[in-house]
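See structure below.
The values are calculated or read from the model by the stated rules, or taken from the named source; none is laboratory data. Computed from a prediction, not measured in an experiment: that's the story for all the values here. Every residue, glycine as well, gets a Cβ built from its backbone with ideal geometry; the counts of neighbours run over all protein chains shown. Just so you know, the surface numbers come from the protein's heavy atoms only, side chains and all, with ligands and any DNA or RNA stripped out. Shrake-Rupley method; radii C 1.70, N 1.55, O 1.52, S 1.80 Å.
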Amino acid sequence: MKILVSDALSTEGLDYLRRYGEVDFKPDITPDQLVAEIGAYDALVVRSRTKANAEVIEAAENLKVIGRAGVGVDNIDVDKATEKGIIVVNAPGGNTISAAEHAIALLTSLARNIAVANSSVKRGEWKRSDHIGVELNHKVLGVVGLGRIGSEVARRARAMGMKIVGYDPYISEEQAEKLGVEMADFESLIRQADFITLHLPLGSSTHHLIGEKEIAMFKPGVRIVNCARGGLIDEDALYAALKDGRVAGAALDVFEQEPPEDCRLLELDNVIATPHLGALTREAQVNVARQVSEQVIKALQGDPIVSAVNVPALMPEAREALEPFLPLMRVMGSFYLQMFGGSVDEIELTYSGEIAAMPLAPMTISCLIGFLRHVVGDGVNWVNAPYIAKARGITVKESSTTEAKNYNNLITLTARSGSEEHHLSGTLLNNEMRIVRVDEYRIEIIPSRYMLVTTHHDRPGVVGKIGTLLGSESVNIASMQLGRKTAGGEAMMVLQVDEEMNEHTLEKVKGLDVIDTARFVEMQNSIFRVE
Ligand code: NAD
Ligand code: MLT
């Protein structure tokens, strides 16, 4: 395994990677060199300096994983990586405490004018009344983004007597209650806060989250801390508001451009600036380097990853419980496509029984892999299967219920194309996979490599005729299952045979007067294997 580390990384991370692969450590590599060289590598490990953009990813012919030693992945084109089937992992949690402590340091420094007073004293001045501060006690702190860092900041600020108001569209009231945070909508938060601190990711929807319009709603004299990402605040709008006093102070660890160039904010005394120091503690750097290196190696070895950005994270315990279901889901996807075709607009998966309590995404993705391998080939994997489905106009739906009639677990795949729909249900019986329903046929199909699936009218002599024909064609039948809608009505027969059936034999089967339809279904060996 060839691993390129293109940013500074603590030795703990480098040593770990070296135990598993050949590591090139090039913390000064230029963007052009990166594009020229990336093709040779299986893994790329970055911090924030390297921009793993579309051009780099396009050139990365062998790349399987990009590791980000840190949280924010705004320097990685995750969509492009997903499209190319490249896993992106980060190191969440490793720098949470450091970043939260830095935000608190900035908050208290802002309240008590520490930075400007420090410079003044060092210049030989003693102007105490110029640096009168404000207390944090009883003030409203608006925390935007209540994830790992936002939550830790909220905890610490509460201990200092602040009232915490939070905004995070993805956090439940219960979680907020546990943190002692009163949830509000964004506008109400910025209207009432005495201090605002940002702890959310930068993306197209959060770029310039705070601009002129939002600043106009601020409580006069508000102070703002940004320890998340520069682009969250429109720096020109903030400059104007700091200049005329509508905003009393800003403490910024991050900037739209880093290092900042011609940034007027740095001219202002009511601005505290640090050079993206949030995660720069000895502890955090060791934590993130270790965490990302472990995840990169796991991704390369096909082991479960807990901090993937573009694949569902699967904790080892969950994987163990899900493992037997993953091949079943692939088989169902593949069987469905071969029976009914791949032109569908919607795939719906219903999980019933004990399985409803498990993480569903890995099973759904497994089914999509089985389905899409016939359409786009082996290039479909854990990372890009949902992307490919979406790109092909297939809506994927999941639902679950703890009730499963007759089975401990039952998974039903329904796919629709316009007004047409077909169903397939599968389960595990004593840990062995079975397809137990195909449209209206109740049947117990044992999925195997080669299967002949026929429909006919339920009457004596059908099995004999087909057996004789296959015998004369030297096709050995390994086992057989039958299912029918009603006695004497439409019936389905599945024959497991020892080898691939040629077109000529299949045509002969179709030509039998007792047979209505015949289809040969083949499961690639890779369908039964879970990567
Ligand atoms: P996290 O994923 O645990 O938390 C982010 C939170 O933001 C989530 O709860 C999410 O629901 C919320 N969120 C997403 N969109 C939102 C929106 N539009 N409005 C409000 N909330 C929204 O991440 P984290 O570890 O807490 O890190 C938060 C940010 O801090 C990241 O952007 C990261 O890059 C940055 N960070 C900076 C430093 C530094 O050195 N200054 C260090 C670590 C992390
Ligand atoms: C992060 O997102 O983890 C921080 O900004 C720290 C870093 O960029 O290294």
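Of note:
- Counted residue by residue at 0.36 nm each, then reduced by the alpha carbon distance between them, the extension gain from residue 504 to residue 205 reaches 101.9 nm.
- Linear extension gain, residue 213 paired with residue 55, 0.36 nm per residue minus alpha-carbon span: 53.3 nm
- When the solvent-accessible area of the range 96-273 is split by element, carbon and sulfur atoms take up 49 percent of it, the probe being 1.4 Å.
- Kirkwood analysis of the range 316-528, using all unique Cα-Cα pairs, places the hydrodynamic radius at 17.9 Å.
- Whole-angstrom gap from the range 111-172 to the range 70-97, using each part's C-alpha centre: 30 Å
- Net charge of neighbours whose Cβ lies under 13 Å from the Cβ of residue 400, counting Lys and Arg as +1 and Asp and Glu as -1: -3
- Accessible area of the range 365-468 belonging to carbon and sulfur atoms, whole % at 1.4 Å probe: 46 percent
- Residue 430 versus residue 345: modelled label distance in nm, points set 7 Å from Cα along the beta carbon direction: 4.4 nm
- For residue 321 and residue 398, a Förster radius of 22 Å and the Cβ-Cβ distance give a FRET efficiency of 0.80, rounded to the nearest 0.05.
- Using the 1.4 Å probe convention, the accessible area of the range 207-301 works out to 45 Å² per residue with neighbouring protein chains retained.
- In this label model, residue 174 and residue 134 are separated by 3.6 nm, measuring between points 7 Å along each Cα→Cβ vector.
- The range 225-262: GluC sites (Glu not before Pro) in DSSP loop, at most 16 other beta carbons within 10 Å: 261
- Label-to-label distance, residue 127 versus residue 474, with points set 7 angstrom from Cα along the beta-carbon direction: 10.1 nm.
- Of the trypsin sites (Lys or Arg not before Pro) found in the range 451-531, those that fall in a DSSP loop while having at most 11 other beta-carbon atoms within 10 Å are 529.
- The slack between residue 62 and residue 358, meaning 0.36 nm per residue of separation minus the straight C-alpha distance, is 103.3 nm.
- Radius 13 Å from Cβ of residue 277, net charge of other residues (Lys, Arg +1; Asp, Glu -1): -2
- Residue-normalised accessible area of the range 24-115, given per residue in Å² at a 1.4 Å probe: 39 Å²
- The range 316-528 - accessible surface per residue (Å², probe 1.4 Å): 45 Å²
- Peptides 386-396, 470-480, 281-291, 87-97 ordered by packing proxy, namely the average of other Cβ atoms within 10 Å per residue, highest first: 87-97, 281-291, 386-396, 470-480.
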